[in-house]
Amino acid sequence: MADVISYREAVAEGIAREMRRDPTVVCLGEDIGEAGGVFKTTVGLRKEFGPERVWDTPISEQAIVGAAMGAAMTGMRPVAEIMFSDFLACCWDYLANEIPKVRYMTGGQVTVPLVVRTANGGGLGFGAQHSQATENWAFTIPGLKIAAPATPADVIGMMAAAIRSDDPVVFFEHKALLATKGATPPPDHVVELGRAAVVRAGADVTLVALASMVPVALKAADVLAREGIEAEVVDLRCLVPLDMSTVLASLGRTSRLVTVEENPYQGGWGATVVSVVADEGFALLDAPVRRVAGECVPLPFADALEEEVIPTVDKVVAAVRGLAAY
Amino acid sequence: MDPAELLAAYEQMAVIRRTEKAAHDLFLQGLVKGTTHLAAGHEAIAVGASAALRPDDYVFATYRGHHHAMARGATPEECLAELMSRATGLCKAKGGSMHLTKAATGMLGSYAIVGAHLPMAAGAAWSARLRGTEQIAVAFFGDGATNIGAFHEALNLAAVWKLPVLFVCENNLYMEYTPIADVTAVPRPAADRAPAYGIPGEVVDGNDVVAVQEAVARFAGRARAGDGPALLEAETYRHFGHSRADPATYRPAEEVERWLKRDPLDLARGRLVAMGVSQAVVSEADDRATAVVQKAVEAAKAGPAPDPREALSDVWADGGAAWRT
Ligand SMILES: Cc1ncc(C[n+]2csc(CCOP(=O)(O)OP(=O)(O)O)c2C)c(N)n1
């Protein structure tokens, strides 16, 4: 294994490590077999594990996730791919009504240890029906765990935790990060779900970000540092469980908060983060909170329009400058 | 079925019928809240199918699923306690009438989103095949479910993957209040769709427990042998309206009368007598069923209410419901 791995390769590597370890892990999805997935995130799995563990499905999002659920209820650990996160809407019943409720409404009789993986987010000019950041959709549903890694090492470590989880996990792989590279983590690297990471220390302001917004926040922090403003950047890594203790601890050091999220402002996860801060950490604040989020429109096609809608380094820098002067 | 098997099936149907009657009465007494979807009239499908299955096979049912839960090992007491919101209920009073589940006996749930469980049954069958257990899965659903996308996705997936799953439609001629014939392009909402997926489809008398048992045994054997899924359409009729709120006045009186004459318990009794089993022996089975259900009602009523703190358990595998670390 090379020292450096791409985010894209890390997806297949993370799955493969678990498939080697646990024979109940099986994969299903559209074009994931010989084709290796439309984003090439399952390359090599069919070759190593064969057609009995890596299954090509018809274009049937309900059957993919519904069958994964039935298999998970009966002793398997399926990893289902929904090609683009926008298509989660086609199997929304399973994510909103079936998978997250069955354990509860059976009084704890049934567990659903499955992973639904999906390519999330914009920035690649795929137009409105292939670009939305949809992690906030899942965030409204009690009973789903939500992982959204920002680095190749986290992809591998969080994939391990997600597959080993006895609870259902929706795993958002960000399209704009697929080509990024990072260090290959050691064997048996596991990143526990619900542990945020402070990826840059700073004393002046806390930037809370997820997935593709982590590098945006880090770049913004570099720009701000040149102006004498030190930003601490927290990569949430998961939305459920949500690591508010790391956020509150960071706020204890900085007293200023900006959330940076790609999903639309309307109903975005940043609203929950800031509401918990208002509720439990108000005394820690020396300034109002700010949310940098997607505009409340479908994602447009042209680069210039996409940039208008999605948070950028400049937008984050501007939001922080305003706060620092507060 | 030999006479002993048929008598056992009859007694099971009698227990189910009486439990449903009890559910109805308890609802009128205000002891069951929400709603119930009684399956009176459908008993032969659940009992006949169960008689053809292995104890470790999987079953997925709908909100009209009291009969399936009981045919697959849930006791009348557990079911009634669940309906009456007791801590002793099948699902600790978190499921209710529409969500009876007994995982320990392979009764993997009752689902109230029409058609949603068909892909799950396919998935359970896929899992059985991957684990090499020779179990099969059965999904029971209504005629209304045949026009849902999940029905078609599940059938196609099961067919192309040759999964050991049986799809059993309980065609009671109506969805909620609308005749299925008014909203379906083919006369047999289930069986007519089977050729589109290249799988066997068959119509069976859903009020005849022996006919159901034989058909399910045949298709189950085929599925277990690796020959893939099948679609069985069992013709039946519900004795009551869709749910507690529905007096079912939209059904022609003549139609209701004709179907009530084909009560599955009467049909089974007739078969027993024809096989030489005495009326007295059949009556004894009825008496045992009555006694079992009476006891169940009393025991269920005596069950404690759930601890309100239980509302915050069982979301996650660790038992709790916390969404934050
Ligand atoms: C997806 C969905 N749409 C609508 C409903 C409301 N609904 C509940 S039962 C029902 C009728 C179902 O009829 P059928 O499948 O024939 O089953 P039956 O009640 O006759 O057993 C409807 C429309 C629902 N529960 N789920």
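The values are calculated or read from the model by the stated rules, or taken from the named source; none is laboratory data. All figures in this text were calculated on a predicted structure; none of them were measured in a lab. In this analysis, Cβ positions are derived from the backbone assuming ideal geometry, glycine residues included, and neighbour counts consider all displayed protein chains. The accessibility values were calculated without ligands, DNA or RNA, using every heavy atom of the protein model including side chains. Shrake-Rupley method; radii C 1.70, N 1.55, O 1.52, S 1.80 Å.
Cross-linked pairs A:Lys145/B:Lys102; A:Lys101/A:Lys145; A:Lys101/B:Lys92: Cα-Cα separations exceed 22 Å for A:Lys145/B:Lys102. Applying the Kirkwood pairwise sum to the alpha-carbon positions of chain A produces a hydrodynamic radius of 19.9 angstrom. Here the Kirkwood formula, the inverse mean of 1/r across different C-alpha pairs, assigns chain B a hydrodynamic radius of 20.1 Å. The mean number of partner chain beta-carbon atoms within 10 angstrom of a residue's beta-carbon across peptide B:56-63 is 1.
Using the average count of surrounding beta-carbon atoms within 10 Å as a protection proxy, the listed peptides A:206-217, A:265-276, B:238-249 rank, highest first, as A:206-217, A:265-276, B:238-249. Projection of the Cα convex hull of region B:90-155, averaged over all directions and equal to a quarter of that hull's surface, yields 5.0 nm². On the beta carbon distance between B:Val256 and B:Ser283, with R0 = 25 Å, the FRET formula returns roughly 0.40. The dipole here belongs to the protein assembly as shown: it is taken about the Cα centre, uses +1 on the Cβ of Lys and Arg and -1 on the Cβ of Asp and Glu, and is about 780 debye. Please give the Cα centre distance for region B:52-125 versus region A:208-273, rounded to the nearest Å. Taking the Cα centre of each part, region B:52-125 and region A:208-273 sit 44 Å apart. Remark: accessible area buried at the B-A interface is about 3900 Å², both chains counted, probe radius 1.4 Å.
Averaging the Cα positions of each part gives two centres, and for region B:147-217 and region B:264-324 these lie 27 Å apart.
The accessible-area ordering, largest first, of the residues B:Trp316, B:Trp323, A:Trp92, B:Trp259 stands as B:Trp323, A:Trp92, B:Trp259, B:Trp316, per a 1.4 angstrom probe. Using the 1.4 Å probe convention, the accessible area of region A:15-67 works out to 39 Å² per residue with neighbouring protein chains retained. Percent of alpha carbon pairs in region A:97-182 separated by more than 21 Å? Value for region A:97-182: 37 percent of Cα pairs lie more than 21 Å apart. Note that region B:89-218 presents 30 Å² accessible area per residue, ligands and nucleic acids not counted, probe 1.4 Å. Neighbouring Cβ atoms from other chains, within 10 Å of the Cβ of residues in A:236-248, number 2 on average. Name the shape class, rounded, prolate or oblate, that the alpha-carbon gyration tensor gives for region B:89-246, where a ≥ b ≥ c are the square roots of its eigenvalues, rounded holds for a/c under 1.5, and otherwise prolate holds if a/b is larger than b/c and oblate otherwise. It comes out oblate by the Cα gyration axes.
In chain A, the DSSP-assigned H stretches of four residues or longer account for a calculated mean residue ellipticity at 222 nm of -10500 deg cm²/dmol, using -39500 (n - 2.57) per stretch and the full residue count as denominator. Largest mean-square fluctuation among B:Gly73, B:Gly270, B:Gly123, in a Gaussian network model of chain B whose springs join Cα atoms under 10 Å apart, belongs to B:Gly270.
Peptides A:308-315, A:183-190, A:155-162, B:215-222 ordered by packing proxy, namely the average of other Cβ atoms within 10 Å per residue, highest first: A:155-162, B:215-222, A:308-315, A:183-190. Inter-chain Cβ neighbour count for B:310-321, averaged per residue, equals 4 (cutoff 10 Å, partner chain atoms only).
Quick one: grab the alpha carbon gyration tensor of region A:29-83, order the square roots of its eigenvalues as a ≥ b ≥ c, and give me rounded if a/c is under 1.5, else prolate or oblate depending on whether a/b is larger than b/c. Note, shape of region A:29-83 comes out oblate. For region A:170-180, 3J(HN,Hα) computed residue by residue from phi via the Karplus equation (6.51, -1.76, 1.60; θ = phi - 60°) reads 9, 10, 8, 9, 8, 4, 6, 9, 3, 8, 6 Hz, glycine and proline entered as x. Computed from phi, the 3J(HN,Hα) profile of region A:304-315 under the Karplus parametrisation 6.51, -1.76, 1.60 (θ = phi - 60°) reads 5, 6, 4, 5, 5, 8, 8, x, 10, 4, 4, 5 Hz, with x in place of Gly and Pro.
With the cut-off at under 14 Å, measuring from each backbone N in region B:185-217 to a point 7 Å along the Cα-to-Cβ line of B:Val160 picks out B:197-198.
Globularity index of region A:1-127 is 1.08 (Cα radius of gyration / 2.2 N^0.38 Å, N = number of residues).
One chain, two ends: A:Trp92 and A:Cys296. Fully extended at 0.36 nm per residue, the span grows by 71.3 nm beyond their Cα-Cα distance.
Taking the square roots of 5 times each eigenvalue of the Cα gyration tensor of the protein assembly as shown, largest first, gives ellipsoid semi-axes of 52, 26, 21 Å. Report summary: the helix-based calculation at 222 nm, which adds -39500 (n - 2.57) for every DSSP H run with n ≥ 4 and divides by the residues of chain B, gives -13500 deg cm²/dmol. Spin-label model, B:Tyr177/B:Arg131: points 7 Å from Cα along the beta carbon direction are separated by 4.4 nm.
In percent, rounded to a whole number, the relative contact order of region A:86-238 is 23, using alpha-carbon pairs under 8 Å and six or more apart. Under 5 Å from the amide H of B:Ile199 lies no amide H of any residue 5 or more positions distant or on a separate chain, with H modelled from the backbone and absent for Pro and chain starts.
Of the residues making up region A:57-90, those losing 40 Å² or more of accessible area when the isolated chain is joined by the remaining protein chains, with a 1.4 Å probe, are A:Pro58, A:Gln62, A:Ala63, A:Ala67, A:Met73, A:Thr74, A:Met76. Counting only alpha carbon atoms, the long axis of helix A:152-164 and the longest principal axis of chain A meet at about 50°.
Listed by chain and number, the lysines placed with their C-alpha closer than 24 angstrom to that of B:Lys162 are A:Lys47; residues fewer than eight positions away on the same chain are left out. Residue-wise HN-Hα couplings along region B:218-234, as the Karplus relation 6.51 cos²θ - 1.76 cosθ + 1.60 with θ = phi - 60° gives them from phi, are 4, 6, 5, x, 4, 5, 5, 7, x, 8, x, x, 8, 10, 10, 10, 9 Hz; Gly and Pro carry x.
Under the combined filter of DSSP loop state and at most 16 neighbouring Cβ atoms within 10 Å, region B:9-55 retains these trypsin sites (Lys or Arg not before Pro): B:Lys33. The accessible surface of the protein assembly as shown, taken with every protein chain in place and a 1.4 Å probe, is 56 percent carbon and sulfur. Residue ranges A:282-291, A:76-85 sort as A:76-85, A:282-291 when ordered by packing (mean number of other C-beta atoms within 10 Å per residue, highest first). Estimated at 0.36 nm per residue, the fully extended path between B:Glu310 and B:Val186 surpasses their Cα-Cα distance by 39.9 nm. Within the listed set B:Glu77, B:Glu214, B:Glu20, the Gaussian network model of chain B (springs between alpha-carbon atoms below 10 Å) gives the highest mean-square fluctuation for B:Glu214.
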